[in-house]
Amino acid sequence: MGLIVQKYGGTSVATLARIKNVADRVIKEYKKGNEIIVVVSAMGDTTDQLIKLIKGISSNPNPREVDMLLTTGEQVSIALLSMAIHDKGFPAISLTGSQVKIQTDDRHNQAEIMKIDNSRLRTELDEGKIVVVAGFQGVNSQDDFTTLGRGGSDTTTVALAAAMKADRCEIYSDVEGIYTTDPRIVPEAHKLEYISYDEMLEMANLGAEVLHPRAVELAKYYNLKLYIASSFNYKPGTIVRGVEEMEKRKNVTGVTRDEDEVKITMQGVPDQPGVAGRLFTALAEHDVNVDMIIQNLEYNNMNDITFTINKENLVRGKKVIHEIASKLGVKKIDIDKNVAKVSIVGAGMISTPGTAAKMFQVLGEEEINIQMITTSDIKVSCLIEKKYAEQAVKAIHQVFELGNAEDVEEKAR
Ligand code: ADP
Ligand code: ASP
Ligand code: MG
């Protein structure tokens, strides 16, 4: 017996039959005497559909109104799941982020959770109810709705588990756990039994959408183990946790791809001290995160600076870049959306020479040109032309021998 926080993502509540399946799974744990908080996402691709509506109305929508619309997606699924549980003869109550008082900062569309008031949740649990909470949403200091960024229901889940000191935190989706790479691209990808917070954080940041990066950060901060598994069966999933002492660290744990970045090249930037500082400070002040950066050799007292930003920030980023470019007298700005970032992640990489070289070599053998490179202790990323992204992931996954044939047989069954 204990307190369990479970989360079911969009695919797991995409249809009424699936919502009923989630109700059964939740009730199964409740009947064992556990207290249950269930976090759900919007049904299927509802959030994408809502974003499409916004794009049909405005190219520069007011962020507050965007959140007002996007939060409706999760409101539908919490009410339906609650009704499904009632229908099966069990007590449940649905609560929005604002009813729970999931307090966030004021950054609409990418808010961070500051505080969760657990009094309402506690009262409902004490009354014996299964509590169904809307993921992805909170409320700011003006009592306006905010959202946590795409995939943010994972973060709601971990934050609730931490605030309620849950005994278990379980995230269910359409995959059976965390794999060495996206199993949709590479069928021989291998399901990991465990993955460390740091490796998972890198993988999430580098494009593995299976978990929201902020959720992993919070789990690490609160030292909360996460269990990632499928909502369609009861096969064992993956545990995300700290690294155990004496554990053998794998050289490469996983491969990711990210197609959400845009490459920007500023040609003919004056070669003077402080120029890069001005450019990147201006971008940071406008909440535009810069990822990869290279500056080429100086010619005629000029440089070229190339960097990548997330395509979600492109409209805002472009404005800042053009302003600063005209102040600096930059000759030309080139924006390339036709890029993808492929990365390898592994905590043991730092002590294994030649890992990055092996990645570059296999890309070369595949005749894929590397445009930019970044590295850290536990990752290597290469920016390449978008059309080669899947080919690159497959080749890299194979050269590091991450898959295994048994997994393919298992999936075929
Ligand atoms: P949910 O809607 O339940 O939140 P998501 O679609 O956000 O689920 O995340 C699950 C998807 O993440 C899977 O369908 C899978 O294609 C993708 N994915 C990407 N990388 C990985 C990985 N390394 N391991 C497992 N799934 C991954
Ligand atoms: N519904 C939101 C999205 O699609 C949040 C989530 O699913 O986690 O991004
Ligand atoms: Mg998700």
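We did not get these values from a lab; they are worked out from the coordinates using the rules stated. Keep in mind the model is a prediction, meaning the values are calculated, not measured. Glycine gets a Cβ as well: all are built from the backbone with ideal geometry, and neighbour counts include every protein chain shown.
The GluC sites (Glu not before Pro) of the stretch 147-212 meeting both criteria, a DSSP state outside H, G, I, E and B (loop) and at most 11 other C-beta atoms within 10 angstrom of the site's C-beta, are E193.
Please report V315, V39 as a ranked list, fewest other C-beta atoms within 10 angstrom at the top and most at the bottom.
V315, V39
Distant-in-sequence amide contacts of V132, defined by a placed amide H-H separation under 5 Å and a gap of 5 or more residues or a different chain, comprise V38, I93, S94, L95.
As a quick test, which of the pairs K7/K88; K165/K263; K52/K319; K32/K52; K331/K379; K7/K263 have an alpha carbon distance above 31 angstrom in this structure? Beyond 31 Å: K165/K263; K32/K52; K331/K379; K7/K263.
For the stretch 45-53, the Karplus equation 6.51 cos²θ - 1.76 cosθ + 1.60, evaluated at θ = phi - 60°, returns couplings of 9, 3, 4, 4, 5, 5, 5, 4, 4 Hz by residue, with Gly and Pro reported as x.
Divide the volume of the convex hull around the Cα atoms of the stretch 57-145 by the residue count and you get 79 Å³ per residue. Only helices enter the 222 nm calculation for the chain: every DSSP H run of n ≥ 4 contributes -39,500 (n - 2.57), and dividing by all residues gives -11000 deg cm²/dmol, rounded to 500. Amide H contacts of M372: L383, each under 5 Å away and 5 or more positions distant or on a separate chain (H built 1.01 Å from N in the peptide plane; Pro and chain starts excluded). In this structure the amide hydrogen of Y194, modeled in the peptide plane, comes within under 5 Å of the amide hydrogens of I239, none closer than 5 places in sequence on its chain. Computed from phi, the 3J(HN,Hα) profile of the stretch 141-147 under the Karplus parametrisation 6.51, -1.76, 1.60 (θ = phi - 60°) reads 5, 8, 6, 8, 5, 10, 10 Hz, with x in place of Gly and Pro. Residues in the stretch 87-94 carry Karplus couplings, in order, of 4, 8, x, 10, x, 8, 9, 9 Hz; the curve used is 6.51 cos²θ - 1.76 cosθ + 1.60 with θ = phi - 60°, and Gly or Pro positions show x. The value for the stretch 196-290 of Rg(Cα) / (2.2 N^0.38 Å) is 1.52.
Distances between every pair of Cα atoms in the chain, grouped in 20 Å steps from 0 to the bin holding the largest one, split as 25, 54, 20, 1 percent.
Count the net charge of all other residues whose Cβ sits under 13 Å from the Cβ of E35, scoring Lys and Arg as +1 and Asp and Glu as -1.
Here the charged neighbours net out to +1.
Report the Stokes-Einstein translational diffusion coefficient (µm² s⁻¹, integer) for the stretch 229-388, Rh taken as the Kirkwood radius over Cα pairs, at 4 °C with viscosity 1.567 mPa s.
For these conditions, the coefficient is 72 µm²/s.
By the count of other C-beta atoms within 10 Å, a proxy for reagent exposure, V342, V210 are ordered fewest to most as V210, V342. Normalised by residue count, the stretch 23-70 yields a Cα convex hull volume of 75 Å³ per residue.
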